[in-house]
Amino acid sequence: MNTRVLHTLEYDKIKATLLGLCGSEGGRRLAGGLQPISDIDIINKLQDETAAALARLERRGNISFEGIPDINDVVMRINISSTLSMGELRKVASVLTMTAKTKQYGDTKGDIEIQGVNEAVHTDCLCEFFDTLCPMPDILREINRCIISDCEMADDASHALNSIRKQIKAKQAKISEKMAAILKETADDERLSDNLITMRNGRYCIPVKSEYKNKIPGMIHDQSQSKSTFFIEPMEVVALNNEIRELEIEEKEEIERILTMLTLALKPDAELLKSNVDILIYLDAVFARGRLARSMRAVKPEFSDNYEVDIKRARHPLINPSNVVPVDISLGREFNMLLITGPNTGGKTVSLKTIGLFQLMGQSGLHIPALGGSVLGVFDEIYADIGDEQSIEQSLSTFSSHMTNTANIIKEANSSSLVLFDELGAGTDPAQGAALAMAILNDLNTRNIRTMATTHYSELKAYALTTPGVTNGSCEFDEATLRPTYRLLIGVPGKSNAFAISRRIGIPEEILQAAEGLIDEESRSFDDYLTELDSLIKEAKTLKDEAAAEKKEADRLLKETSYERERLREKKDKELNKAKEEAREILEEAKNYADQTIRRINRLSSNQGNMRELEEERRALRKKVTEGSVEIQKEQIKVNNKTSDFKIGMSVHCISMDLDGTVHSLPNKKGECTITMGIMQYKCHISDLIIRKDDVKLPEKVKRTGEGALRVSKSFSISQEINLVGKYPDEAVALLEKYIDDAYLAGIPQVRVIHGRGTGALRKAVHDYLKRCRVVKHFRLGEFGEGDQGVTIVEFK
């Protein structure tokens, strides 16, 4: 890709932002070399990496690559067995620490999405990089144990070093004691310049006045700049200082030995260490692309191998997000050339730069700030002639400079190029400029070169209207406010609106009227045509918005209706469940009382009880049953309706739903008609309807007997199957027992028990219960079409 267009389309600014998002110098170098390419396979690979980085940032948060050290020299020294310094080993430790953190970040084992009972682990194209990283934990642990800083080794780096340093400290303590004694003896001695201990050349000394230097036995190591003080090592500590010096030499040799040992430990993995750094730098650049996409709210574009462009809701990334106006841009599918017209500062050049910059970004592996599904082409070259090209150094006017650039574009462009022109043919005589621009565009169109150009020439608008493969576009202008809206309209030529803009900024009206009178009739007619066309487009947009609003309102009403229907269903289910629960409690109480009575009767019989007591027990049982019995009848309300009995608007009562309504549509062949109940409509069969009359009372649904009678709806119903999948055996048996009682009382002859296959434990628990259930006639596993081994079919007595 030519370097000129990268600057013209401000790609370098995007790259500068990208570099600021890198954490390491190596990452910045790698990102700085990012250039648009034309190999679609490599482009898709880069785009996949950016998408994977963006997804990880959204899912797992940020990752820092700050301060990855450059260890190329370190690796080279390791390979030649040159002992590393403590600072260099600290660099290695820093790389290995960052490697461990990065590998942990890339671990996908923690990224599990549970969908039902299935588990899926996130994998992407970056997994290979994370898996290749080798943290070398043993070596890292050893380096951190031995080395404290760039110039300090830990005492426990080795037993020998620890012993040497202990001896040094002991000798130093002895010297301190002796020196303290000497200072105490000479506390009032005028021979000392100062009553303190100092170090000179690694030896403990005391400051002695020059005139007394021969009065204190010892070795002179230094003197002050004024030569008035000599620093003398007292003879009493010379031997101890010598011993310390010997121990310090041993210490240095031991430190060198430890450094050599650590260096040799790294040698087998030197290339692996370099590989870690290369991967970290590469991931730094990749995640910088992901951060850039996140900051721009960008998406991964699709790519066409037919040089087609279809960008939806494109937002120029260098314009303030709160001010940018999204535009739709297409090229190369229905037309190869797009000519954009409209007022100055109306957004023509921004649209031109947007398509060019998006192509550069997309072909570099960067996401684009647009809607998903946007399509970019893969062009070998992109040429742009945009902006003021005046060159004082080369004595070229603006027009000459533009034409020089245009000549190069005409010469080098081909069918795999994208060409962008801003105000083609401007800067010279309008008639000649329009003719020249038309000829250039016609040449590019004949050569099937994708081209997008901006212009004010009416001749080019007419050219686009009459030439196959060329279409007009315009930047919308609001004549009510006399301001541009910055929206791009494709297929519609625009007006420059010079008079409207001049009127807004204060040009006198008489001058504007005189100018309008100087326009020829043909130009005025063309502008009137454009004005009418613009009016029709706005009207169509208004109708579209109204239709969208009506659809939204219809969706809202549908949602409300669905909610109301669901609410009524829940209310009905709640009442039925309440009635079933009350009936179950009464039956349970009756069963318990009967069982107790039978046990007492049996006990009296076995104990030869008298007949009076037996009769009293029977009488008490009969009284209890009479007082507490509940007769739940499902009344058979017989209706003999005919389809001819129903008329639209007739009042009816739905038996199963216990609701009143009116007939909305006549019965069909199946006997079903639509009934309006409140704000909802239902389909009901005529056999489920009672025609209402003012003087007709609906039959009661439930008869009561006894004082404790329970009223249960005629529409009381039990499902013909129960689903126990996912329940524990004890829980499932409890639910099944209640269900079997309810189903048997409801008169259902056969039911399905869904227990699933699984381990078989749930099925065994179900079958064990059914074997001892007194109301079950027999049961069997389901056959093909009934659920196979996952269900059991139960038939009642």
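The values are calculated or read from the model by the stated rules, or taken from the named source; none is laboratory data. Because the structure is predicted, anything quoted here is derived from the model rather than measured. Cβ coordinates were reconstructed from backbone atoms using ideal geometry, including for glycine residues, and neighbour counts include every protein chain displayed. These accessible areas exclude ligands, DNA and RNA; they are computed on the full protein's heavy atoms, side chains included. Shrake-Rupley method; radii C 1.70, N 1.55, O 1.52, S 1.80 Å.
Compared with the rule-of-thumb size 2.2 N^0.38 Å for a compact globular protein, the range 181-269 has a Cα radius of gyration ratio of 1.59. Counting protein heavy atoms only, the range 643-693 has 53 percent of its accessible area on carbon and sulfur, 1.4 angstrom probe. Residues whose amide H comes within less than 5 Å of that of Leu659, counting only those at least five positions distant or on another chain, are Cys654 (H built at 1.01 Å from N in the peptide plane).
Of the peptides 775-783, 543-551, 207-215, the order by per-residue mean of other Cβ atoms within 10 Å, starting with the highest, comes out as 207-215, 775-783, 543-551. 3J(HN,Hα) along the range 54-64: 4, 5, 5, 5, 5, 8, 10, x, 6, 9, 9 Hz, from the Karplus curve 6.51 cos²θ - 1.76 cosθ + 1.60 with θ = phi - 60°, whole Hz, x for Gly and Pro.
Packing, as the average of other Cβ atoms within 10 Å across residues, places the peptides 90-100, 354-364, 173-183 in the order 354-364, 90-100, 173-183, highest first.
What a 1.4 Å probe finds exposed on the range 306-368 is 43% carbon and sulfur by accessible area, rounded to a whole percent. The reciprocal of the average 1/r between distinct C-alpha atoms defines the Kirkwood hydrodynamic radius, which for the range 47-107 equals 13.6 Å. Counting only protein heavy atoms and a 1.4 Å probe, the range 318-365 has 31 square angstrom of accessible area per residue. The radius of gyration of the Cα set in the range 281-440, together with its Dmax, comes out at 17.3, 57 angstrom. Ellipsoid semi-axes for the range 723-797, based on the Cα gyration tensor and the rule √(5λ), read 18, 15, 10 Å when sorted largest first.
Quick one: net charge around Arg763, please, counting Lys, Arg +1 and Asp, Glu -1 for every other residue with C-beta under 14 Å from its C-beta. Once positives and negatives cancel, what remains is +4. Taking a ≥ b ≥ c as the square roots of the eigenvalues of the Cα gyration tensor, the range 1-54 is classed as oblate, since a/c reaches at least 1.5 and a/b does not exceed b/c. For the range 273-376, the fraction of C-alpha pairs more than 24 angstrom apart is 31%. Qualifying GluC sites (Glu not before Pro) in the range 121-154, where qualification requires a DSSP coil assignment and no more than 10 other C-beta atoms within 10 Å, are lacking entirely.
Return the carbon/sulfur percentage of the accessible area of the range 159-267, one whole number, probe 1.4 Å, all protein chains in place. Ligands and nucleic acids excluded, carbon and sulfur give 50 percent.
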